[in-house]
Amino acid sequence: MSDEEYMRLALELAKVGCGFVAPNPMVGAVIVKDGHIIGLGYHERYGEAHAERNALAACTEPARGATMYVTLEPCCHYGKQPPCVEAILEAGISRVVIGSRDPNPLVAGKGAASLREKGVEVISDVLREECDSINYVFFHYIQSKRPYVAMKYAMTMDGKIATRTGESKWITGEEARRHVHEQRHRYSAIMVGSGTVLTDDPMLTCRIEKGRNPVRIVCDTALRIPVTSQIAETAGQIPTILATCCKESKRQEPFLQKGCKILMVREENGHVDLRDLMSRLGEMKIDSILLEGGATLNWAALESGIVQRVLAYVSPKLFGGDGAKAPIGGRGVDLPKEGYRLRNSRIMPLGEDFLIESEVEAHVYGNY
């Protein structure tokens, strides 16, 4: 097998940690000696051993003289775990093949340099683009200290998220809805506005086997949601944050008793300041958010510049109706040239539906 083939195996291992390692990156490692694999490992959970150490622990024979393939540059600093560079040197690994370069300022080339200084052959940037692609959340978070935000919505081919009567269940089919739950597992948190809670009373949980429930965040400027809502009633079992500007202790107390965390944020134009909220959530080590808000919150998020990605689930249906809602409301832009531009789009069939996934370019009105 070639370096690229071993690295692809390491990539598949890395992906198994999806949903469990945040705010750390997904990393996989493969150890090869005399042309055969002697150790496999991946970063399994946040705070636990890194991929390199897991692969070394799984070796079926001594690793001295072997080659290690790792999807991300090995760390050389002490965090929740000791440096992986030390473990590699102690094991006598003679060659290390690296996919992504670590953007963490504590690493940033130092891991590879440390290995080279000790006589280890280091090959960098093998399948770098593919290795980078699985950790776009980590790269954003480690450099900005703010969550990566993906705006998600389901709509018909005429751009409606509900009928003229407000009915929206279900626009897409089972395969597309399952994919949404996979995203809830992947992203650390899910965020909605108070209007969504008042209208739909959702649970906002992940309903796939062995899935992880995201932290639930509700933007509720005046604490309008009912204490009897499903989100409040289950806050003792699922971490729930109410981002608000309401300082009234009497209003807050019932939610606190239910287990909700009240997060006081600045007010902007009569609503929660989303930029301030992102900074606060980043400090809480929430590295990513799946935004499942309504049209009003979606526009506010775009306008404030906090959105990095759009997930549009499109159903081959037509609802029509002048009053039927579109996925993004607000005042909108005045001219076509002022529109928010999307790039690197890809289309994925999901049963009869389609997912259009794109990155959001920095916008002149919402740089973040």
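The values are calculated or read from the model by the stated rules, or taken from the named source; none is laboratory data. Owing to the predicted nature of the structure, the values given are computational and were not obtained by experimental measurement. In this analysis, Cβ positions are derived from the backbone assuming ideal geometry, glycine residues included, and neighbour counts consider all displayed protein chains. Only protein heavy atoms, including side chains, enter the accessible area calculation; ligands, DNA and RNA are left aside. Shrake-Rupley method; radii C 1.70, N 1.55, O 1.52, S 1.80 Å.
Where residues in the range 94-112 are of a type in the set (D, E, K, R) and not in a strand (DSSP E or B), which of them is modelled with the highest pLDDT?
Checking each candidate, the answer is 101.
Any residue at all in the range 33-50 that's in contact (Cβ under 8 Å) with a residue 40 or more places away in the chain and not aromatic (Phe, Trp, Tyr)?
Checking the range 33-50: not a single residue is in contact (Cβ under 8 Å) with a residue 40 or more places away in the chain and not aromatic (Phe, Trp, Tyr).
For the range 345-365, give me each residue that is under 18 Å from the mean Cα position of the chain (by Cα) and at pLDDT 95 or above.
Within the range 345-365, 345, 346, 355, 356, 357, 358, 359, 360 qualify.
For the range 289-325, which positions are more than 24 Å from residue 189 (Cα to Cα) and either outside any loop (DSSP other than H, G, I, E, B) or open to solvent by 40 Å² or more (accessible area, probe 1.4 Å) (or both)?
Within the range 289-325, 315, 316, 317, 318, 319, 322, 323, 325 qualify.
Yes/no per residue for (1) free of Cβ contacts under 8 Å to residues at least 12 places away in the same chain; (2) within 28 Å of residue 96 (Cβ to Cβ); (3) open to solvent by 30 Å² or more (accessible area, probe 1.4 Å):
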site	(1), (2), (3)
116	yes, yes, yes
121	no, yes, yes
129	yes, yes, yes
133	yes, yes, yes
137	no, yes, no
140	no, yes, yes
167	yes, no, yes
171	no, no, no
188	no, no, no
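Answer yes or no as to whether residue 74 is touching a residue at least 24 places away in the same chain (Cβ under 8 Å), in a loop (DSSP other than H, G, I, E, B) and open to solvent by less than 10 Å² (accessible area, probe 1.4 Å). If you could, list the steps in order and put the result at the bottom.
On the way: touching a residue at least 24 places away in the same chain (Cβ under 8 Å): yes; in a loop (DSSP other than H, G, I, E, B): yes; open to solvent by less than 10 Å² (accessible area, probe 1.4 Å): yes.
In short, yes.
Can you run down the residue pairs with Cβ atoms below 9 Å, 6 or more apart or on separate chains, where the first is in the range 294-312 and closer than 19 Å to residue 194 by Cα and the partner is modelled with pLDDT of 95 or more and basic (Lys, Arg)?
Qualifying pairs under 9 Å: 304/275; 306/146; 306/275.
Yes or no, residue by residue, for (1) more than 30 Å from residue 181 (Cβ to Cβ); (2) surrounded by 22 or more Cβ atoms within 10 Å (Cβ to Cβ); (3) among the aliphatic types (A, V, I, L, M):
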position	(1), (2), (3)
1	yes, no, yes
32	yes, no, yes
43	no, yes, no
46	no, no, no
52	yes, yes, no
82	yes, no, no
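Test residue 157 against the stated conditions and say whether it is at negative phi and surrounded by 15 or more Cβ atoms within 10 Å (Cβ to Cβ).
No.
Can you name the number of the only condition in (1) of a type outside the set (Ser, Thr, Tyr); (2) surrounded by fewer than 18 Cβ atoms within 10 Å (Cβ to Cβ); (3) at pLDDT 95 or above that residue 330 fails?
(3)
Here are 217, 241: which of them is under 23 Å from residue 18 (Cβ atoms), crowded, with 17+ Cβ neighbours inside 10 Å and touching a residue at least 60 places away in the same chain (Cβ under 8 Å)?
It is 217.
Hey, among 223, 198, which residue is closer than 26 Å to residue 271 by Cα, hydrophobic (A, V, I, L, M, F, W, C), more than 19 Å from the chain's Cα centre (by Cα) and surrounded by fewer than 15 Cβ atoms within 10 Å (Cβ to Cβ)?
198
How many residues does the range 33-71 contain that are in a loop (DSSP other than H, G, I, E, B) and either touching a Phe, Trp or Tyr at 6+ places or on another chain (Cβ under 6 Å) or among the acidic types (Asp, Glu) (or both)?
Total meeting the criteria: 5.
Output the number of residues of the range 346-360 satisfying the condition of being open to solvent by 60 Å² or more (accessible area, probe 1.4 Å), closer than 19 Å to residue 307 by Cβ and of a type in the set (D, E, K, R).
1
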